[in-house]
Amino acid sequence: MGSIKEDTAHGVKWSLAERIATQGIQFALGFILARLLTPSDYGLVGMLAIFIAVSENIVDSGFSKALIRKKNRDETDFSTAFYFNVAVGLGCYAALYASAGAIAEFFDSPELRELTKVMALTLLINSLGVVQTARLTIAVDFKSQAKASASAALASGLLGVWLAYSGMGVWALAWQAVVKSVINTSILWYTAHWQPQLKFSFKSFNTLFGYGSKLLAASIINTIHGQLTTLVIGKWHTAAALGNYTRGQQFATLPSYQVTSVLQRVTFPILARLQDDRLALIGAYRKYVRGSSLGIMFMTMLLVSLAKPTVELLLTDKWAGAVAYLQVYAFAVMFDHINQINMNLLQINGRTGLFLRLEVAKKLISLSMLAASVPFGVMAICLSRVAYAQVAVLINTWSTGRIYGLGYRTQSRDFMPYLLISALCCAPAYALSEMATLPPIICIVAGGTVATALYATVLHITKDDIYESVITPYLKKIFRREK
């Protein structure tokens, strides 16, 4: 392994490459699918999201992070985790298969009976690749994961488009998900160069589960919370309303999720190495927060500003109902990276008990907000997510403030300037998008160019150290190549 800086740069490069390639492929093929399918088709898949997401957490059971954090892991640990993950994957598939009728009856959608049985196959398939992914992450080998993910996204996406064009409707989305899991898992097996041995140790299981169980509980709580809104909207509103909400949510999370997921994957194994060096850990953490905020705050604000022409250009007017949900929900996910990195610090510190207690407290607050907003419609639900995001930041920074001295006041000085600058620089783009006389492509190109130029200029004038140390050298390198 190299230095922290080298491993971070290498990990971020390939993890970001994976996200850009995978999401770029899914985005391009996704808007073709959106033109071929209807909001109701996406709504049906959205109704199953909470069941699939919770089951995925149970399959992992926190074992991947337990393997990454453990210092003296061996083949027995890996094999034990593998057999447990596969057994749980099989159990979750059987449970959803048996519950397919009840799920269809709950949502009053007969199509869900067979749809559940097919989409649940992804759980069993993905369980076969949990340990392979953990091994590659431990080695900071995100290049192999990038190849697997991008290849799976491309092949399954093309299949989905063909099935949708052939009139398969919602089944295009279902089989796309299954094929994606098959291809991704197959490539992970090939690139990880590891096969389980005939070993299972209850001692190893107890160690891994002792750490991972609390993360599992917290993850289930967090997943249910994240998917509960789709269940509520799917139950008490139409499939079309849920389709517009989920599409707006997907667009809103696009910038934040890509960077946050990269940071979560890369920073956890690297910060785990620094768990015994408090000052180095805090220094690395604050750089991660500032660096991610520089990009996430601006990209999310730009998306909010250009939401209307973007949806109109890519998805056509039939998805106009998603615009407002996108714009509001973006202000909730804009702070996800702050919450994620704060929670990483608790996990690295071994405070999984505190981690779980905080998740329970936050989700109880969130549930009360959601319950209060349901009678007022889908937009009120989106606004409750925005309010909860601020509560989560306050609680999470309070916890790291107690342990590391990184309270809200300290951390807000790291990320708040980027939010304010981004809002000011993206204001002209929003003004352009509201001009009904301009074509959507003109609004997007002109608005994006002006906002980006303003943002870069302000950061350069203010001599932002993250911008000057990371972005400026990269731009100079590009211009030197062009010459």
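The values are calculated or read from the model by the stated rules, or taken from the named source; none is laboratory data. All figures in this text were calculated on a predicted structure; none of them were measured in a lab. Cβ: placed from backbone, ideal geometry, glycine included. Neighbour counts: every protein chain shown. For accessibility, only protein heavy atoms count, side chains too; no ligands or nucleic acids. Shrake-Rupley method; radii C 1.70, N 1.55, O 1.52, S 1.80 Å.
Some values worked out for this structure:
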item	result
Hits in the range 381-405 (condition: in contact with a Ser or Thr (Cβ under 8 Å, 6 or more places away or on another chain), among the small types (Gly, Ala, Ser) and open to solvent by 20 Å² or more (accessible area, probe 1.4 Å))	Gly401
From Ala148, Ala95, residue being within 30 Å of Ser201 (Cβ to Cβ) and either open to solvent by less than 20 Å² (accessible area, probe 1.4 Å) or free of Cβ contacts under 8 Å to residues at least 40 places away in the same chain (or both)	Ala148
Qualifying residues in the range 281-295 (those that are without any contact (Cβ under 8 Å) to a residue 60 or more places away in the chain and closer than 16 Å to Leu254 by Cα) - the one surrounded by the fewest Cβ atoms within 10 Å (Cβ to Cβ)	Gly295
Residue check, Ala104 of a type in the set (A, V, I, L, M), surrounded by fewer than 15 Cβ atoms within 10 Å (Cβ to Cβ) and more than 23 Å from Ile183 (Cα to Cα)	no
Subset tally (residues that are touching a residue at least 40 places away in the same chain (Cβ under 8 Å) and farther than 11 Å from Leu48 by Cα) for the range 100-117	3
Residues located in the range 407-445, provided they are open to solvent by less than 40 Å² (accessible area, probe 1.4 Å) and among the small types (Gly, Ala, Ser)	Gly407, Ser412, Ser422, Ala429, Ser433
Any helices (runs of 4 or more DSSP H) falling wholly within the range 297-403 and containing at least 2 residues that are among the charged types (D, E, K, R)	307-315, 352-373
Asp276 being farther than 20 Å from Ser40 by Cα, at pLDDT 80 or above, among the acidic types (Asp, Glu) and open to solvent by 30 Å² or more (accessible area, probe 1.4 Å)	no
Index of the failed condition, Glu359 passing every other in (1) open to solvent by less than 20 Å² (accessible area, probe 1.4 Å); (2) out of contact with any Leu (no Cβ under 8 Å at 6 or more places or on another chain); (3) closer than 30 Å to Ala453 by Cα	(3)
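Yes/no matrix, rows are residues, columns are (1) more than 26 Å from Arg69 (Cβ to Cβ); (2) in a loop (DSSP other than H, G, I, E, B); (3) open to solvent by 30 Å² or more (accessible area, probe 1.4 Å); (4) not basic (Lys, Arg):
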position	(1), (2), (3), (4)
Ile183	yes, no, yes, yes
Gly212	no, no, no, yes
Leu228	yes, no, yes, yes
Ile233	yes, no, no, yes
Gly248	yes, no, no, yes
